[in-house]
Amino acid sequence: MKLTIDDVRSRFIKHFDGATGSVYASPGRINLIGEHTDYNGGFVFPGAVQQGMIAEIKPNGTRNIRAYSIDLKDYAEFSLDDPKGPSASHFRYLFGVAREMMKLGVPVEGFDTAFAGDVPLGAGMSSSAALESCYAYAINDLFGENKIDKMTLAKVGQATEHNYLGLNCGIMDQFASVHGKAGNLMRLDCRSGEFEYFPWNPKGYKLVLINSCVKHELAGSPYNDRRKSCENVVAAIAKRHPGVETLRDCDWDMLEEVRGEVSETDALRATYVLGEKDRVLAVCDALEKGDYETVGQKMYETHHGLSKEYEVSCEELDFLNDIAHDCGVTGSRIMGGGFGGCTINLVEDNLYKNFVETAKAKFKEKYGKEPIVIDVVIGDGARKLC
C-alpha cells in the first residue's frame with residue numbers, strides 16, 4: 001500500500017496536540033549500473049522511485065527537535081545544541097541533517113515532526129538517503145533565508161552519513177533522492193558533480209526488483225573496508241603518477257604496475273572498480289542506441305564483479321541472479337551496496353510473469369520464504385507536498 005500524506009498527518013496530530021505543519025517527501029532510488037563507483041570518482045546511473053519518506057514538520061519555538069518515527073513507534077526529544085545528539089540511528093539522521101544545515105549558516109530552530117516511509121528497509125533502495133534528503137529539503141524551505149542549491153542539500157545528507165552514522169558513503173544516493181525526475185534516469189559524474197537526465201521509457205521491457213529480504217547492513221567495516229582497499233591502491237599508484245586522486249583517474253596499466261605492492265584483496269577490489277567504470281560508459285552508449293541487450297549484458301557482468309571481485313554479494317542474491325539468467329532475463333545484478341537487499345532486473349514484457357513466478361517459487365523452496373517483488377516506477381525527487 002502506498003504511503004499517503006494522511007497516514008503521516010494523522011499520527012502527527014495525535015502526538016503533537018492536534019496541530020498541523022508542512023509536509024515534505026523524498027524518494028528512495030534505484031541504480032541501473034555503476035555500483036561502488038561514486039566514492040571512487042566515477043559515473044553512476046540512478047533514478048528516483050515512487051516509494052520514499054514523508055515527514056510533517058512544524059517549528060515549535062524551542063531549541064529542541066521532538067520527533068516521532070511512525071514505522072518504529074518510537075519518540076525522542078533532543079537539543080539542536082547538544083553535540084552528541086540522540087543514540088538511535090533513525091533519529092541521528094534528523095539530528096545530523098539539522099547540524100549540517102546549521103554549519104552552512106541556516107538558522108535552524110526546534111521543530112516537531114513525524115515521519116514514515118514505504119521504501120523497503122534493507123533493500124538497497126536507500127531509505128536513509130530518502131530520510132536525509134527529506135529533512136534537508138524541508139529545513140532549507142522552512143528556515144533557509146538564502147536558499148541552498150540541490151547539490152549542496154545532497155552533500156548535507158552525505159555529510160550526515162559520514163559524521164553521525166559512521167558510513168563513508170559516496171554522493172549517489174542523496175543526489176538521486178534530491179534531483180530525481182519522473183520518467184528519467186540520471187548519469188552523474190561523481191567527481192565533477194555534472195549530470196544529465198536520460199528519458200527512461202524502454203518499450204517492451206520492465207525494471208523489477210526482487211528483494212531477498214536478507215538484512216542489508218552497510219555501517220561499519222564491510223563497506224568501509226572496501227573503500228579503504230580502493231584508497232590503498234590509489235596511494236600506491238599515486239607514488240608513480242602524482243596526478244591520480246581516485247580510481248577514476250587510473251587505468252589497467254597503472255593497476256598492473258602496483259599489483260605486487262598491494263594486497264591481493266586490494267587489487268581485486270580495484271579490478272572490479274576499473275571494470276565497472278568501463279561498463280557504465282558502455283551502458284550510456286547502448287541506451288542512446290536503444291540497445292537493451294548490451295545494457296543487460298553489462299548488468300550481468302556487474303553482478304559477477306560485485307560477487308567475485310568486490311565480494312559484496314551473498315548466497316541468496318547469487319541464487320536470484322542465476323534464476324534470472326535461466327529465465328532469459330535480459331539483465332540482472334545486485335543493486336545497492338550489497339550484503340543483502342535486492343537484485344535489479346531488466347525483463348522483457350513477455351518473460352515478466354514467468355520470471356516473477358519462478359523466482360518466488362524457487363526462492364521459497366530453497367530458503368523457506370518468498371522474496372518481495374517491487375515493480376519500478378521512476379518518480380520525482382525531494383519536494384513539498386503541502
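Observations
So that you can scan it fast, the table gives a plain yes or no per residue for (1) touching a strand residue (DSSP E or B) at 6+ places or on another chain (Cβ under 8 Å); (2) charged (D, E, K, R); (3) touching a residue at least 60 places away in the same chain (Cβ under 8 Å):
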residue	(1), (2), (3)
GLN297	yes, no, no
GLU301	no, yes, no
LEU320	yes, no, yes
VAL329	yes, no, no
ASP349	yes, yes, yes
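- Selection count, the range 190-229, where residues are of a type in the set (Gly, Ala, Ser) and modelled with pLDDT under 85: 3
- Flag: PRO107 does not match the condition of being without any contact (Cβ under 8 Å) to a residue 60 or more places away in the chain, surrounded by 19 or more Cβ atoms within 10 Å (Cβ to Cβ) and more than 30 Å from ARG187 (Cα to Cα).
- Some residue of the range 192-200 being outside any helix (DSSP H, G or I) and touching a residue at least 60 places away in the same chain (Cβ under 8 Å): yes
- Residue match in the range 11-27 (condition: under 20 Å from TYR197 (Cα atoms), assigned to a strand (DSSP E or B) and either in contact with a helix residue (DSSP H, G or I) (Cβ under 6 Å, 6 or more places away or on another chain) or in the same structural domain as CYS169 (by TED's automatic domain parsing) (or both)): yes
- Pair list, Cβ < 9 Å and 6+ apart or interchain, from the range 1-12 residues that are at pLDDT below 90 to residues that are in a loop (DSSP other than H, G, I, E, B): MET1/ASP118; LYS2/ASP118; LEU3/ASP118
- Per the conditions (1) under 19 Å from the mean Cα position of the chain (by Cα); (2) surrounded by fewer than 18 Cβ atoms within 10 Å (Cβ to Cβ), the sole criterion not satisfied by GLU257 is (1).
- Any hit, the range 267-283, residues being among the aliphatic types (A, V, I, L, M), more than 30 Å from PRO199 (Cα to Cα) and not in a helix (DSSP H, G or I): no
Let's see how each residue does on (1) under 30 Å from LEU281 (Cβ atoms); (2) at pLDDT 95 or above; (3) within 24 Å of the chain's Cα centre (by Cα); (4) not aromatic (Phe, Trp, Tyr):
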| position | (1), (2), (3), (4) |
| --- | --- |
| ASN40 | yes, no, yes, yes |
| VAL44 | yes, no, yes, yes |
| HIS90 | no, no, yes, yes |
| GLY96 | no, yes, yes, yes |
| ARG99 | no, yes, yes, yes |
| VAL106 | no, yes, no, yes |
| ASP118 | no, no, yes, yes |
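- Any chance LEU320 is outside the structural domain of ARG9 (by TED's automatic domain parsing) and either surrounded by fewer than 19 Cβ atoms within 10 Å (Cβ to Cβ) or under 18 Å from PHE198 (Cβ atoms) (or both): no
- Criterion applied to TYR300, TYR367 was being over 28 Å from ARG248 (Cβ atoms), of a type in the set (Phe, Trp, Tyr) and not assigned by TED's automatic domain parsing to the domain that holds ARG29, and the one residue passing it is TYR367.
Quick grid of which residues meet (1) outside any helix (DSSP H, G or I); (2) surrounded by 24 or more Cβ atoms within 10 Å (Cβ to Cβ):
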| residue | (1), (2) |
| --- | --- |
| PHE115 | yes, yes |
| TYR135 | no, yes |
| ALA138 | no, yes |
| ALA154 | no, yes |
| ASN168 | yes, no |
| VAL178 | no, yes |
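- Here SER192, SER126 are screened, and the one residue that is closer than 30 Å to LYS277 by Cα, hydroxyl-bearing (Ser, Thr, Tyr) and in contact with a Gly (Cβ under 8 Å, 6 or more places away or on another chain) is SER126.
- Flag for GLY34 being under 23 Å from VAL214 (Cβ atoms), touching a Lys or Arg at 6+ places or on another chain (Cβ under 9 Å) and not basic (Lys, Arg): yes
- Just one residue in the set THR271, THR265 is under 26 Å from VAL295 (Cα atoms), more than 21 Å from the chain's Cα centre (by Cα) and β-branched (Val, Ile, Thr); that residue is THR271.
- Here GLY337 fits the description: closer than 30 Å to ILE148 by Cβ, crowded, with 21+ Cβ neighbours inside 10 Å, touching a Pro at 6+ places or on another chain (Cβ under 9 Å) and modelled with pLDDT under 95.
The values are calculated or read from the model by the stated rules, or taken from the named source; none is laboratory data. Worth saying up front: this structure is predicted, and the values here are computed from it rather than measured. Cβ: placed from backbone, ideal geometry, glycine included. Neighbour counts: every protein chain shown.
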